[in-house]
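The next block holds one structure in the form of structure tokens; read it before the comments.
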Amino acid sequence: MGQNLPPIPKDKSFFQKMREDWFGFAKKAENDAEKAEKEAQMSQDEMDALFENFDPKTDKKKLTTKLRKRIIEAEKLYNAGTASVKDLIAPASVEVTPYQMRMDGQYIRSLFVFSYPRYLEANWLSQIINYDVSFDLSLFIYPQDSGRMMKILRRKVAQMLSTKRMKMKKGSVSDPEIDTALEDAEQLRVDLQRGTEKFFQTGLYVTLYAETEEKLNSAVKQIQTVLGGQLVMTRTSDFRVERGFESTLPQCTDMVGVLTNMNTGPLSTCFPFVSSSLTSNQGILYGLNRHNNSLIIFDRFELENANQVVFAKSGAGKSYAVKLDILRSMLLGSEVIVLDPENEYEALCTEVGGSYINVSLNSRQRINPFDLPPPLKDADTQSGDLLRENVVNLTGLMHLMLGQLTPLEEGIMDKAILMAYAQKGITPYVADTSEMEMPTMSDLQVVLQQMEGGNHLALRLERYTSGTFAGLFDQQTNVDLDNHMVVFSIRDLEDSLRPMAMYILLNFIWAKVRSSLRRRVLVVDEAWNIVQHEQSARFLHNLSKRARKYYLGITTITQDVEDFLQSRWGKPIITNSSIQLLLRQSPTALDYLQKVFHLTEGEKYLLLNSGVGQGLFFAGNQHVAIQVIASPSEDKIITTKPQDVVQQRNDEQL
């Protein structure tokens, strides 16, 4: 009642304006009603035609309420039939418990770091970055205002000084913990004031993945042990499992929020992008480390053994990589012996001035399997040891040539071989046989014919002495290995004779290797041909175990990984090789390789999608992703691409 009311305007224009506004509003309402009535009267066919021909750029005036509604419904219908990014990455199911998650068959658990030591070494994270387990790691860094931190540090320094003075007045012994904290706080305050350091809060989270709960528990325990050994204390995100998992997703959300104060120095040691390196002061260049582009330089003879296995599918670059290894090894003074099944090493052998030996029925070059190796100088070799060892090897050869022998036949064959040597004056009591003539396969056949029960074996052996395969294994040796590179080609040899030829060649090479200690590399290409047969596979396995004593490194190459690994001797040959090179693989071979080499899912993907000359290089306990590279001059010598070979021949003719 007592409030003052606004005065009534005396200007008529005010009421006139109000009247016009009311009339305008009524007119607009009437027009809208007429428009709605017209829309209601519009037929469905007219609406469909207008909807189909509607152009939002030019037909904005035709956009009625009903048409707008129709467009919205059409957009919803379209979006319901499309897949979004969430649909593509979303798991089929998620099970969350207080201590872990289970998603798409994977068990998941997260860790967070809550305490660090006073000092941290550079690359301390490398031990878990290169750990053989699947995990995601997130590092959150929150910069803090240096001015505000200076005030906090002043207050903390004042509190610690006060505490120290009070203890001194009471006569208490100085507390080293307070003295250390005071020293660190003072140094940090000075560094912040000078601008040489900045202050941050950091959160470090790790999410581990495993196929089973037992593997997950083992992985968590091992990661905590590795970090605990560096006084980096971690805990599992119990009752916050989902938050820990979300914190390591690539969406930059810190859902755990366990932060630690750090200045620039300690924070720089947490740099997560670290990788293994295989670079030593001596050796040959194997390739580039694809993780950090560093050089992979290694000396195979510095490991516990110098053996190497190379697995790759056809066309992945395995022969290219091995020939590059051979060429660079010879620069360090290594002698190289190659068993070549496809004449791939002929150009390299000719270029370096090596000996290329063609092993076939039509070749004049022969090797006698009865040859005994000369005794190794300065070695404690008993009289007759070399003879007994070669008799065992010849018995294995007979299993390949005549088929599987029965125990009775094996006994007869063993006695016949000793008698064939004895006819040439070679007995277990003869110390030096280097100047004596060795028996041949024909001599063994004659002995078998004269023995009781040996006629049947002599008839089976006749095929190799006077039959179809006569001359190949029945003549004295007329080749020598006194060259820095020797290549034995078996391309022109019949498939049925290849296992026997490989066995004889390996024995012949082994005899030469034992004769003198030299740095040698033996390359066995297409080794799956050898491991298919019991006797030759066993011999290659024994050779790989004993090669280290004679300064020999064996390189085993195969493209049929399944056949090699399924053999009972395939995996032992791998375990006796300190260096493994895995190039691009076929999907079926990856499952076998994963079990043998304990590959992660990321490494499987790398081997499946690698380019030519790319893969994984294992040396001892370390392994890195490799890219095999060669200089233009090296590439010209070792290339096996048909188009490059044809081009080189055309250039030579010109």
Please work out which one of (1) under 30 Å from LEU459 (Cβ atoms); (2) surrounded by 21 or more Cβ atoms within 10 Å (Cβ to Cβ) is the condition TYR345 fails and give its number. (1)
Criterion first (without any contact (Cβ under 8 Å) to a residue 40 or more places away in the chain and assigned by TED's automatic domain parsing to the domain that holds SER586) does GLN559 satisfy it? no
Please go through the stretch 113-142 and give me each residue that is more than 24 Å from the chain's Cα centre (by Cα) and in a loop (DSSP other than H, G, I, E, B), ordered by number. TYR116, PRO117, ARG118, TYR119, LEU120, GLU121, ALA122
Single match in ASP238, ASP184, ASP179, ASP175 (criterion: loosely packed, with under 15 Cβ neighbours inside 10 Å, modelled with pLDDT of 90 or more, more than 29 Å from the chain's Cα centre (by Cα) and among the charged types (D, E, K, R)): ASP238
Which residue is modelled with the lowest pLDDT, if the candidates are limited to the stretch 437-480 and must be within 29 Å of VAL513 (Cβ to Cβ) and of a type in the set (D, E, K, R)? ASP480
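Quick check on the stretch 309-321. Is at least one of its residues among the charged types (D, E, K, R), part of a helix (DSSP H, G or I) and crowded, with 23+ Cβ neighbours inside 10 Å?
Going through the stretch 309-321, the residues among the charged types (D, E, K, R) turn out to be 313, 318.
The next check asks that each one be part of a helix (DSSP H, G or I); those that pass are 318.
Narrowing further to those that are crowded, with 23+ Cβ neighbours inside 10 Å: 318.
The answer is yes; a qualifying residue exists.
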With modelled with pLDDT under 85, under 26 Å from ASN483 (Cα atoms) and assigned by TED's automatic domain parsing to the domain that holds ASP495 as the only criterion, which of GLU342, GLU351 stands out? GLU342
Quick one: TYR464 ticks every box in (1) of a type in the set (Phe, Trp, Tyr); (2) part of a loop (DSSP other than H, G, I, E, B); (3) over 17 Å from ALA511 (Cα atoms) except a single one, so which number is it? (2)
I'm told GLY453 meets every condition in (1) buried (at least 20 other Cβ atoms within 10 Å of the Cβ); (2) in the same structural domain as GLY403 (by TED's automatic domain parsing); (3) outside any helix (DSSP H, G or I) except one. Can you identify the failing condition by its number? (1)
In the stretch 102-112, the residues that are outside any loop (DSSP other than H, G, I, E, B) and surrounded by fewer than 20 Cβ atoms within 10 Å (Cβ to Cβ): ARG102, MET103, GLN106
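Scan ILE326, ILE337, ILE296 and give me the residue that is part of a strand (DSSP E or B), in contact with a strand residue (DSSP E or B) (Cβ under 7 Å, 6 or more places away or on another chain), within 12 Å of ILE284 (Cβ to Cβ) and touching a residue at least 40 places away in the same chain (Cβ under 8 Å). Give the steps one after another, and end with the answer.
Working: ILE326 fails: part of a strand (DSSP E or B); ILE337 fails: within 12 Å of ILE284 (Cβ to Cβ).
None of the other options fit; the residue is ILE296.
Let's see how each residue does on (1) of a type in the set (Phe, Trp, Tyr); (2) at negative phi; (3) not in a strand (DSSP E or B):
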{"site": "ARG548", "(1), (2), (3)": "no, yes, yes"}
{"site": "ILE554", "(1), (2), (3)": "no, yes, no"}
{"site": "ILE557", "(1), (2), (3)": "no, yes, no"}
{"site": "PHE564", "(1), (2), (3)": "yes, yes, yes"}
{"site": "ILE574", "(1), (2), (3)": "no, yes, yes"}
{"site": "LEU581", "(1), (2), (3)": "no, yes, no"}
{"site": "TYR592", "(1), (2), (3)": "yes, yes, yes"}
{"site": "VAL596", "(1), (2), (3)": "no, yes, yes"}
{"site": "GLU603", "(1), (2), (3)": "no, yes, yes"}
Looking at ALA306 and the list (1) surrounded by fewer than 22 Cβ atoms within 10 Å (Cβ to Cβ); (2) assigned to a loop (DSSP other than H, G, I, E, B), which single condition is not satisfied? (1)
Considering only the stretch 605-633, how many residues are buried (at least 17 other Cβ atoms within 10 Å of the Cβ), outside any loop (DSSP other than H, G, I, E, B) and either hydrophobic (A, V, I, L, M, F, W, C) or free of Cβ contacts under 8 Å to residues at least 24 places away in the same chain (or both)? 9
Working only within the stretch 340-352, note down all residues that are touching a residue at least 12 places away in the same chain (Cβ under 8 Å) and either in contact with a His (Cβ under 6 Å, 6 or more places away or on another chain) or farther than 25 Å from GLN559 by Cα (or both). GLU351, VAL352
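Report, by residue number, each residue of the stretch 101-154 that is acidic (Asp, Glu) and within 22 Å of GLU601 (Cβ to Cβ). Don't jump to the end; show me each part of the working.
Start the filter on the stretch 101-154 by keeping residues that are acidic (Asp, Glu), which leaves 104, 121, 132, 136, 145.
Selection gives ASP104, ASP132, ASP136.
Go through the stretch 143-184 and count every residue that is part of a helix (DSSP H, G or I) and either of a type in the set (Gly, Ala, Ser) or outside the structural domain of GLY195 (by TED's automatic domain parsing) (or both). Walk me through how you get there before you give the answer.
Within the stretch 143-184, the first condition is being part of a helix (DSSP H, G or I), and the residues that meet it are 146-169, 176-184.
With either of a type in the set (Gly, Ala, Ser) or outside the structural domain of GLY195 (by TED's automatic domain parsing) (or both) added as a condition, the list becomes 146-147, 158, 162, 181.
Within the stretch 143-184, residues that are part of a helix (DSSP H, G or I) and either of a type in the set (Gly, Ala, Ser) or outside the structural domain of GLY195 (by TED's automatic domain parsing) (or both) number 5.
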Restricting to the stretch 481-497, and then to whatever is buried (at least 20 other Cβ atoms within 10 Å of the Cβ) and in contact with an Asp or Glu (Cβ under 9 Å, 6 or more places away or on another chain), can you tell me which residue is modelled with the lowest pLDDT? ILE490
So, of the residues in the stretch 123-142 that are modelled with pLDDT of 80 or more and either among the polar types (S, T, N, Q) or farther than 15 Å from LEU204 by Cα (or both), which turns out to be surrounded by the most Cβ atoms within 10 Å (Cβ to Cβ)? SER138
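Yes/no matrix, rows are residues, columns are (1) under 30 Å from GLN106 (Cβ atoms); (2) out of contact with any Lys or Arg (no Cβ under 9 Å at 6 or more places or on another chain); (3) in contact (Cβ under 8 Å) with a residue 40 or more places away in the chain:
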position	(1), (2), (3)
GLY147	no, yes, no
ARG154	no, no, no
LEU161	no, yes, no
LYS169	no, yes, no
ASP175	no, no, no
LEU182	no, no, no
GLN193	no, yes, yes
Which residues, taken from the stretch 388-443, are among the β-branched types (Val, Ile, Thr), within 18 Å of HIS533 (Cβ to Cβ) and outside any helix (DSSP H, G or I)? THR406
Among the residues of the stretch 187-235, write down those that are buried (at least 17 other Cβ atoms within 10 Å of the Cβ), part of a loop (DSSP other than H, G, I, E, B) and out of contact with any helix residue (DSSP H, G or I) (no Cβ under 8 Å at 6 or more places or on another chain). VAL232
Regarding the stretch 513-525, can at least one residue be identified that is among the hydroxyl-bearing types (Ser, Thr, Tyr), closer than 23 Å to ARG328 by Cα and assigned to a helix (DSSP H, G or I)? no
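Residues to consider are ILE297, ILE337, ILE326, ILE284; find the one that is more than 25 Å from ASN483 (Cα to Cα), of a type in the set (Val, Ile, Thr) and not assigned by TED's automatic domain parsing to the domain that holds ASP145.
ILE297
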Any chance VAL258 is outside the structural domain of TYR209 (by TED's automatic domain parsing) and either in a loop (DSSP other than H, G, I, E, B) or within 22 Å of the chain's Cα centre (by Cα) (or both): no
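The values are calculated or read from the model by the stated rules, or taken from the named source; none is laboratory data. The shown structure was predicted, so the numbers you read here are calculated from the model rather than taken from an experiment. Every residue, glycine as well, gets a Cβ built from its backbone with ideal geometry; the counts of neighbours run over all protein chains shown.
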